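The values are calculated or read from the model by the stated rules, or taken from the named source; none is laboratory data. Treat the numbers as computed from the prediction; the structure is a model and nothing was measured. Virtual Cβ from ideal backbone geometry, glycine too; neighbours counted across all protein chains shown.
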């Protein structure tokens, strides 16, 4: 889905900063900005240390920046993901760019660590899966035909269980192929269906999906509460804050969400009543908004909740990753034991007939 992809703005991806280096780039940019470097000089300095494929882009970026292009648009041109550009866009409005650069670099590096961790957890199960495929191929093309010939030669019939498991392993490649085709077909249907929905409907439906819905709700709640709290603390009114959300070009969902919220507030609804109508916002944020409106500390409570949201996402990801590997081992273990049974049981049966 386009919302989950990086924004390249039409530039060749070969001329952008590699995603493995983006976190470091943002961190160094934030550090240089914190030490008093003008952004133009800091970007120019960091681009000089990039690989040769950025040489053609270097001068274009500097010229555009000198001509008034924002830092968020510059990062977009350099191939940074849309969520990075979105955070920087808001930081340019409330005046805390260097801190946001450092925080966003931490987010990028954390995502990269989680992906490495996921790959590490799946590496051994993938190896076992390939081993299982090899075992099935050996069974189907070598062992099973020989056992069948051997039984026919000595005039013995295999047991019902052995015949059943032999038949199952004979059909297993076709079953797996058919199951994969079904999954691919359903996946394509879902993608086509989702792409035809507007952002509000798309994320509303995704928020109702188990597991995925948790991430959808907490991520959008994190972005909204974090950026809205900073904008309000910077002196903006709620309507001005929503106008800023509507003006950002990186996520259409936040534009539509802010336009809806602005209209509801003009009709006399409270912020809490407005959020109640958005299914991709967590119930916790809705309750916190109601509490913050009552005590007049809405921006402070939103900021606190944004930190809680981020911690909750990290904790849930850790639990899921820890749960995945044992389940894969269990499934593969059953499959491999079944493969060995089909080899050993006919052997034991033949020994009993001798």
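Might you let me know whether segment 309-316 holds any residue that is without any contact (Cβ under 8 Å) to a residue 24 or more places away in the chain and surrounded by 14 or more Cβ atoms within 10 Å (Cβ to Cβ)? No, that holds for no residue.
Considering only residues of segment 232-248 that are part of a loop (DSSP other than H, G, I, E, B) and surrounded by 15 or more Cβ atoms within 10 Å (Cβ to Cβ), which is modelled with the lowest pLDDT? Restricting to residues being part of a loop (DSSP other than H, G, I, E, B) and surrounded by 15 or more Cβ atoms within 10 Å (Cβ to Cβ), the top hit is 234. Report yes if residue 285 is outside any helix (DSSP H, G or I) and modelled with pLDDT of 80 or more, otherwise no. No, not satisfied.
For beta carbons closer than 8 Å, sequence separation of 6+ or different chains, a first residue in segment 325-354 that is surrounded by fewer than 11 Cβ atoms within 10 Å (Cβ to Cβ) and a second that is outside any helix (DSSP H, G or I) and at pLDDT below 65, the qualifying pairs are 353/156. Residues in segment 186-213 that are assigned to a loop (DSSP other than H, G, I, E, B) and within 23 Å of residue 316 (Cβ to Cβ) were compared, and the one that is farthest from the chain's Cα centre (by Cα) is 208. Does segment 206-218 include one or more residues that are surrounded by 11 or more Cβ atoms within 10 Å (Cβ to Cβ) and more than 30 Å from residue 301 (Cα to Cα)? Looking through segment 206-218, none of the residues is surrounded by 11 or more Cβ atoms within 10 Å (Cβ to Cβ) and more than 30 Å from residue 301 (Cα to Cα). For segment 3-18, check the following and say yes or no: at least one residue is crowded, with 21+ Cβ neighbours inside 10 Å and either at pLDDT below 70 or in contact with a strand residue (DSSP E or B) (Cβ under 8 Å, 6 or more places away or on another chain) (or both). Within segment 3-18, one or more residues are crowded, with 21+ Cβ neighbours inside 10 Å and either at pLDDT below 70 or in contact with a strand residue (DSSP E or B) (Cβ under 8 Å, 6 or more places away or on another chain) (or both). Residue count for segment 250-259 satisfying the condition of being surrounded by 15 or more Cβ atoms within 10 Å (Cβ to Cβ) and farther than 11 Å from residue 199 by Cβ: 2.
When 90, 132 are checked against the criterion of being surrounded by 15 or more Cβ atoms within 10 Å (Cβ to Cβ), at pLDDT below 75, more than 17 Å from the chain's Cα centre (by Cα) and over 23 Å from residue 62 (Cβ atoms), a single residue qualifies: 132. Considered as a group, the residues in segment 279-303 that are closer than 22 Å to residue 199 by Cβ and surrounded by fewer than 21 Cβ atoms within 10 Å (Cβ to Cβ) include one that is nearest to the chain's Cα centre (by Cα), and that residue is 279. Residues of segment 154-169 that are modelled with pLDDT of 70 or more and farther than 19 Å from residue 331 by Cα: 164, 167.
Please verify whether segment 230-253 includes one or more residues that are out of contact with any strand residue (DSSP E or B) (no Cβ under 9 Å at 6 or more places or on another chain) and closer than 15 Å to residue 282 by Cβ.
Checked against the condition, which is being out of contact with any strand residue (DSSP E or B) (no Cβ under 9 Å at 6 or more places or on another chain) and closer than 15 Å to residue 282 by Cβ, segment 230-253 yields no hits at all.
In segment 62-72, the count of residues that are under 22 Å from residue 249 (Cβ atoms), at pLDDT below 85, within 29 Å of the chain's Cα centre (by Cα) and surrounded by 17 or more Cβ atoms within 10 Å (Cβ to Cβ) is zero.
In segment 63-138, counting only helices (runs of 4 or more DSSP H) that sit wholly within it, the ones holding 1 or more residues that are in contact (Cβ under 8 Å) with a residue 12 or more places away in the chain and under 30 Å from residue 335 (Cα atoms) span 97-138.
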